[in-house]
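Only one structure is covered here, and it is reproduced in the block below.
The values are calculated or read from the model by the stated rules, or taken from the named source; none is laboratory data. Here the structure is a predicted model, which means the values were calculated and not measured. Note: ideal-geometry Cβ built from the backbone for every residue, glycine included; neighbour counts use all protein chains shown. Heads up: the accessible areas ignore ligands, DNA and RNA and are worked out on the full protein's heavy atoms, side chains in. Shrake-Rupley method; radii C 1.70, N 1.55, O 1.52, S 1.80 Å.
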Amino acid sequence: MLLNYTDLSPVKKSVEVEIPAELIARESDRVTQEFGRQAKIPGFRPGKVPVSVVRNRFAKEIQEEVMSRLLPATFRDAVAERGVEPVGDPHLEHVDTFIEGAPIKYKAEFEIKPQIELREYRGISVDDPKIEVSETDVEAMIERLRDQASSYRPVEDRALEDGDIAVIDFTSTPEGGELKTETGHFKLGEETPLPELHDALRGKKPGDTASFDKAYGEDAQQETWRGKNVHHDVTLTEIRVQEKPEVNEEFAKAVGEWESVDAMREAIRGDIRRHREVEAMRLKRTEIGDALLASHDFEVPETLVEEELGRSLNNYARFLASQGVDLQKAEIDWAKMGEDFRGDAIKRVKRSLILEAIAKKENLAVSDVEVDAEIRRAASEAERDFAEVKHRMKHDGGYESLRASLAQDKALDLVLRESQPRTA
């Protein structure tokens, strides 16, 4: 029974609810019977324990189970009376003590999605750049393919010059630290965070050595070098010269199985165009999202912000792990990271709520077939079983969340189709 409903803010509400004594008694009887069927008490056969013994033996456990069932059930009924849809779990402010034969009152605060008054979302102005691919663009890509297909010829009769590949043994000793030796290679003269290395080896021949010192700032890539002076010893072990293949039919077949150089050029041109079209569409969608945010001002539930923030931090953690970062050892201030991510998380939540409202207004429904197709695509990419993924999503709420996300995508596509190219 809903006793009181209070608007604390546009998205935060409070309810006071009374659970009738009769309802508590019925649920207590049901739970007691369940406990009796499972109870194992010396002197009684399973399932034959008297109800009075079960109530006395498991009084606390029965009360806890009864409340764990009635609190969420009566809360759902109470908010349903007001026609609101909570997000996240309610926060219990007060619950009466459990007294047999007496009703129980409780007070809970919860959040709801905001009621959004949609502004005009048709005719939004967006940049619509003309997609062009020049011969210079094509040649630059061909040069990258030539670099990738290059061979490297050792030379011994001259000194190291810009453009050569230097193969080195590299020893570093930070002040107060341990010596570290590694091998590697680099192209002399290319942009580098360690130009001193290039300067030290320029003009050297295989077998020559060089040394230099460098003071590193706190942003040094190597953690043990941060804020320290490091002594470096380097030995040039080999000089290699890059030899690029000629651009001919053999090259075209080797790098892309194209039948001719002309076919290669056309394929490259098409790839560049498609990439730029995808990037232009991404920028348009971002611009549409920004325009919707600028025209809608409303409060967002903290629950949704925290959920989005959690996803962002989890994604960032997975990215760091994929780059070889040991998250257990890395000194990451996740609280500070959360503060940095919070602003963008709020924007994403607002954008989603606006698109959700547009989808509802435009009746943009998403069928089970469409949801299944997206799950099938994602499962295939992850090399996972479609039925298994769908089953898990059906049971953890992911299926309906995906449906809502696809509806928002449809809403964004609609706004994009109805947009107008911005004139100069």
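Numbers below:
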| quantity | calculated |
| --- | --- |
| Most to least packed among 375-388, 64-77 [average Cβ atoms within 10 Å] | 64-77, 375-388 |
| Neighbour-limited loop hits for GluC sites (Glu not before Pro), segment 187-242 (at most 10 other Cβ within 10 Å; DSSP other than H, G, I, E, B) | Glu190, Glu191, Glu218 |
| Three-way shape label, segment 212-312, alpha-carbon gyration tensor, a/c 1.5 | oblate |
| Cα-Cα P(r), segment 153-207, percent of pairs per 5 Å interval | 4, 17, 27, 24, 15, 8, 3, 1, 0 |
| Coarse-grained scattering of segment 95-138 at q = 0.23, 0.32 Å⁻¹, given as base-10 log I(q)/I(0) from a Debye sum over alpha-carbon atoms | -0.96, -1.14 |
| DSSP beta bridge pairing in segment 54-192, given as percent antiparallel to the nearest 5 | 100 |
| Part-to-part distance (alpha-carbon centres) for segment 80-101 and segment 353-389, which is given in Å | 33 |
| Among Ala373, Ala200, Ala263, residue whose mean-square fluctuation peaks in a GNM of the chain (springs only between Cα atoms under 10 Å) | Ala200 |
| Residue of Val79, Val349, Val247 that the Gaussian network model of the chain assigns the largest fluctuation, springs spanning Cα pairs under 10 Å | Val247 |
| Computed label-point distance, nm, for sites Lys105 and Glu93 using a 7 Å Cα→Cβ extension | 1.2 |
| Reachable lysines from Lys390, criterion Cα separation under 23 angstrom, eight or more residues apart if same chain | Lys410 |
| Surface per residue (accessible, 1.4 Å probe) for segment 1-57, Å² | 63 |
| Shape call, segment 334-424: gyration tensor on alpha carbons, a/c limit 1.5 | oblate |
| Convex hull (Cα only) mean projected area of the chain, reported in nm² to one decimal | 35.5 |
| Accessible surface of the chain, 1.4 Å probe, proportion on carbon and sulfur as whole % | 47 |
| Value of [θ]222 nm, deg cm²/dmol, for the chain, DSSP H segments ≥ 4, -39500 (n - 2.57) each, nearest 500 | -16500 deg cm²/dmol |
| Rg(Cα) / (2.2 N^0.38 Å) computed for segment 107-165, rounded to two decimals | 2.81 |
| At 0.890 mPa s and 25 °C, Stokes D of segment 335-386 from Kirkwood alpha-carbon radius, µm² per second | 177 |
| By accessible area with a 1.4 Å probe, ligands and nucleic acids excluded, highest first: order of His185, His94 | His185, His94 |
| GluC sites (Glu not before Pro) restricted to DSSP loop in segment 113-166 with at most 12 other C-beta within 10 Å | Glu117, Glu120, Glu132, Glu156 |
| Full-extension gain in nm, Lys253 to Lys336, via 0.36 nm per residue minus C-alpha separation | 24.7 nm |
